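The values are calculated or read from the model by the stated rules, or taken from the named source; none is laboratory data. Small disclaimer: the values here were computed from a predicted structure and weren't measured. So basically every Cβ, Gly included, is an ideal-geometry build from the backbone, and we count neighbours across all protein chains shown.
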């Protein structure tokens, strides 16, 4: 499970770029590439979600998600 402060989530979302040929995502701070061919293809994703709205939803349902996933893990 991944949770982070809103400032971190916003920074990660807004720097995100996608290679439309491969579907791979890149971010200048976290996993960039030096491959010029890839760099020339990178685009801002069509839909960048409302990361703060999604984080709020996750946080409101965090306990339930933890319980759900612990049940699934125990079944494997």
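So, in the range 29-40, exactly how many residues are part of a loop (DSSP other than H, G, I, E, B) and surrounded by 10 or more Cβ atoms within 10 Å (Cβ to Cβ)?
Here is the first cut: in the range 29-40, the ones part of a loop (DSSP other than H, G, I, E, B) are 29-30, 32-35.
From what's left, surrounded by 10 or more Cβ atoms within 10 Å (Cβ to Cβ): 30, 32-33, 35.
Count: 4.
When the residues of the range 41-70 are filtered to those that are modelled with pLDDT under 85 and in a loop (DSSP other than H, G, I, E, B), which remaining residue is farthest from residue 24 (Cα to Cα)?
Step by step, filter the range 41-70, then rank; the result is 50.
Suppose we keep only residues that are surrounded by 11 or more Cβ atoms within 10 Å (Cβ to Cβ) and in a loop (DSSP other than H, G, I, E, B) within the range 9-27. Which one would you say is nearest to the chain's Cα centre (by Cα)?
Taking the range 9-27 first, the residues surrounded by 11 or more Cβ atoms within 10 Å (Cβ to Cβ) are 9-20, 24-27.
Of the ones still in play, those that are also in a loop (DSSP other than H, G, I, E, B) are 15-16, 19-20, 24.
On the way: 15: 11, 16: 9, 19: 15, 20: 17, 24: 12 Å.
Among those residues, the one meeting the criterion is 16.
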